[in-house]
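Working notes, beginning with the structure itself.
The values are calculated or read from the model by the stated rules, or taken from the named source; none is laboratory data. Here the structure is a predicted model, which means the values were calculated and not measured. Because the Cβ atoms are built from the backbone with ideal geometry, glycine has one as well, and the counts that use them run over all protein chains shown.
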Amino acid sequence: MQRGTAALLRCARFLGELQPRRISSLETARCFSGAAMQAQPSAPEGYDGTAELKRMNLFTAVNDALHIALDTDPNSYIFGEDVSFGGVFRCTTGLAERFGRHRVFNTPLCEQGIIGFGIGLAAMGSRAIAEIQFADYIFPAFDQIVNEAAKCRYRSGNQFDCGGLTIRTPYGAVGHGGHYHSQSPEAFFTHVPGLKVVVPRSPSKAKGLLLASIRDRNPTVFFEPKGLYRMAVEEVPIGDYETELGRAEVLREGSDVTVVGWGAQMLVLERACDAVEKEGVSCELIDLQTLLPWDVDTVAASVSKTGRLVISHEAPITSGFGAEIAAKIAERSFLKLEAPVARVCGLDTPFPLVFEPFYLPTESKVADAIMHTVSF
Amino acid sequence: MPVAGAMLRCGLPLLSRVGGGGRVLSWPDALLARSWSGQAEQHSPAQDDKPIPVDIPVPFLAHNCDPPPQHTETSGEELFRFFRVMNVMRRMEIASDLLYKQGHIRGFCHLYDGQEAVAVGMEAALTWEDPLITAYREHCNYLGRGATVTQVVAELLGRQAGCSRGKGGSMHMYHLDHHYYGGNGIVGTPPPLGTGLAYALQYLKKPNVAVAMYGDGSANQGQVAEAMNMAALWKLPIVYVVENNHFGMGTSEARASAHHGFYDRVGYIPGIKVDGMSVFAVKVAVAHAKEWCLAGRGPILLEMDTYRYHGHSMSDPGSTYRTRDEIQGVRRERDPIDLVHKLITKEGLATAEELKALAKECRAEVDAAVKESEASPEPEEAELFTHVYRADTGVEMFGADRHASRLQRN
């Protein structure tokens, strides 16, 4: 879909005329199959088949986006713990060498300081790309993000803003991360008007969404699925492109149930959909991509068609972002629902160490929930 | 007891050792209670109680206070104890390294070898009524608090015999009776928590100090400054110990901190820089600090100049930001176990062969503990839901979907 059309659509929605979202054939061809680690060519928005593709994993794609971001805007900076040598996940490789240590630099170990500093830098009109080494460490910075970054524009009557601030942080289970290297804190940030929250599922999405987040004029928290940094490999277009924020993507069309997720969980959901397809259940799989603001219309349109909804995320179930989706869809699509909205999520416990396999919303738990929902 | 007598003759300041009724658990007592120290009686040569003077060649640097004396006294008994415990610590860390590489220990594992003198020297000057809290490089601190190697290794392996029932892992080991408050994965948290512990000690008029440890990397966390201000404002009995091993992960202290040095960072809190590779220097400094606090003079900061041989964690080879020559050099010149070894042989208390045999025993102890840990079962699945809240709180917690729920009962 061209950007112009999308903008028109938004206007139309705002005026109350709901348009069903047209799904292009290009998008239906797209299928995230990180399981095989050999994804089919996955192209971004507006891919016309002419751009050259390069095999990249997720950290390489993020790195590529950061190179492009700094190349296209001389007033942009990347900073955080250990970013200079390339970062603990190799996302910032080569940047300090290419753009200099005044634009790509290490900070001391002080998250609150890092984000506060980033807000100030952004308030001066710069693009401040801050890295928080693990999402588990973002909490000292929570005050700065919630009380300063999110409210900057509002409280100054639009005189000031820190829209140039982007906070990148690896999130999610990695197999052995335990309490403090596995958390998915995205829900905390979706509760803050003024922020945007974005979660890519794959290398090509990571590159496009990150460039869009960096260039968006609102402070954005960008959660990168650390479990997929090496594991997800895809043909990613070289060159500069953005994937639109605030828009969900339908990965596969289906008629029996709508399945919604984001980030690394998409891999699990894909497998679950494959599993239930053998039982004759046709799933429509949606990746939200942006959690704040989230694409209500796409999900609602899908639920209108299927009448059933299953949401899944790694974060604990109580007050996870799935709760917001469930409430909103119950509000919007009540008469269309044939079954209660189901959520398959992490448990209401701290993220455990040895118990990780029990804690996570695995393929079988999701498949189970799908089967329950369709036979309600 | 002859052991306690030896302790007093070691030149430690005469501290009030009587806690709130009952026997103060000090390190030597607990050691004798443990099975492997019993073996020490059998195999090691005659332990002399005669005081042995020890020089502390690296000068203490003091900021806004008087430094402790550059000498102390030890005894044969203490030297053998130091030698044994440090060897067990060293062997335990090396065994953990191997278990990790074999894939039996998973998650994060931060090894302490090289820094043993800090843990050991500190405990020699404290009692287990002095609460201790530290960061994630804590296996040896926990051992020094009277734990067994099995409790450490089983926890690393995630087994029921582990100190936190396998639920905490490497960074979360605790000892209730011996006032060891862990074990923290998030850097910068020990100082504020320790400050709270100290407030309780002061209010309850206990003759004890809190000891909060953190590293050079976490010294730049804001909450550390917040905690220190509170401690100084209220004159709390807390000793802040910075284990300066010169690298926060791969970042050298020079690249992270504007001010070189940690002991003299805070204008209103006195500090002492200590040679952290000498168990004697550490002991003297911590004893001095404890006396300072118990005299009601407020907090004090100790910077331990120490070194870790391993990288930051098991995923860090430790040689990309420092040279192998540097690591070998420290091992050759400043190894904490070697220092004690040299003193024992110099005083004629044992030969090198005898000490080698002793070290071999320690290794055997650790190997036995590893076997015991490996035999321990993994936690039951129900443990996943326990201890989120206090027992009988009746909070309902949900499983993967809202159909499965547990009430916090146990």
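Listed values, structure above:
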read-out	value
Counted residues, the range B:52-67 - those being within 17 Å of B:G298 (Cα to Cα) and either under 23 Å from the mean Cα position of the chain (by Cα) or outside any loop (DSSP other than H, G, I, E, B) (or both)	3
Every residue from the range A:360-372 that is at the interface with chain B (Cβ under 7 Å from one of its Cβ atoms) and part of a helix (DSSP H, G or I)	A:K365, A:A369
Test: residue in the range A:144-159 that is within 13 Å of chain B (Cβ to nearest Cβ) and in contact (Cβ under 8 Å) with a residue 12 or more places away in the chain	yes
Looking only at the range A:75-105, and only at residues there that are aliphatic (A, V, I, L, M) and assigned to a helix (DSSP H, G or I), the one that is nearest to the other protein chains (Cβ to nearest Cβ)	A:A96
Subset of the range B:160-179 (residues that are crowded, with 24+ Cβ neighbours inside 10 Å and hydroxyl-bearing (S, T, Y))	B:S170
Residue that is assigned to a strand (DSSP E or B), touching a strand residue (DSSP E or B) at 6+ places or on another chain (Cβ under 8 Å) and hydroxyl-bearing (S, T, Y), where the choices are B:Y142, B:Y214	B:Y214
Any hit, the range B:280-297, residues being in contact with a Lys or Arg (Cβ under 8 Å, 6 or more places away or on another chain), at pLDDT 95 or above, away from every other protein chain (no Cβ under 14 Å) and in a loop (DSSP other than H, G, I, E, B)	yes
Scan of the range B:247-279 for residues that are within 21 Å of the chain's Cα centre (by Cα), assigned to a loop (DSSP other than H, G, I, E, B) and within 14 Å of chain A (Cβ to nearest Cβ), ordered by number	B:M249, B:F262
Residue check for A:T318: more than 30 Å from A:G194 (Cβ to Cβ) and among the hydroxyl-bearing types (S, T, Y)	no
From the options B:T148, B:T195, residue that is within 27 Å of B:A225 (Cα to Cα) and over 11 Å from the mean Cα position of the chain (by Cα)	B:T195
Selection count, the range A:106-116, where residues are outside any helix (DSSP H, G or I) and over 11 Å from A:E131 (Cα atoms)	3
Residue satisfying condition, being in contact (Cβ under 8 Å) with a residue 60 or more places away in the chain and within 12 Å of another protein chain (Cβ to nearest Cβ), within set A:P350, A:P357	A:P350
From the options B:T320, B:T351, residue that is away from every other protein chain (no Cβ under 14 Å), under 29 Å from the mean Cα position of the chain (by Cα) and exposed (fewer than 13 other Cβ atoms within 10 Å of the Cβ)	B:T351
Residue list for the range B:197-219, filter: in contact (Cβ under 8 Å) with a residue 40 or more places away in the chain and within 14 Å of chain A (Cβ to nearest Cβ)	B:Y214, B:G215, B:D216, B:S218, B:A219
Pair list, Cβ under 8 Å, 6 or more apart: the range B:103-114 residue at the interface with another protein chain (Cβ under 9 Å from one of its Cβ atoms) and without any contact (Cβ under 8 Å) to a residue 60 or more places away in the chain, other residue assigned to a loop (DSSP other than H, G, I, E, B) and surrounded by fewer than 24 Cβ atoms within 10 Å (Cβ to Cβ)	B:R106/A:G175; B:R106/A:H176
Among the candidates B:G222, B:G271, residue that is among the small types (G, A, S), closer than 24 Å to B:Y181 by Cα and out of contact with any helix residue (DSSP H, G or I) (no Cβ under 7 Å at 6 or more places or on another chain)	B:G271
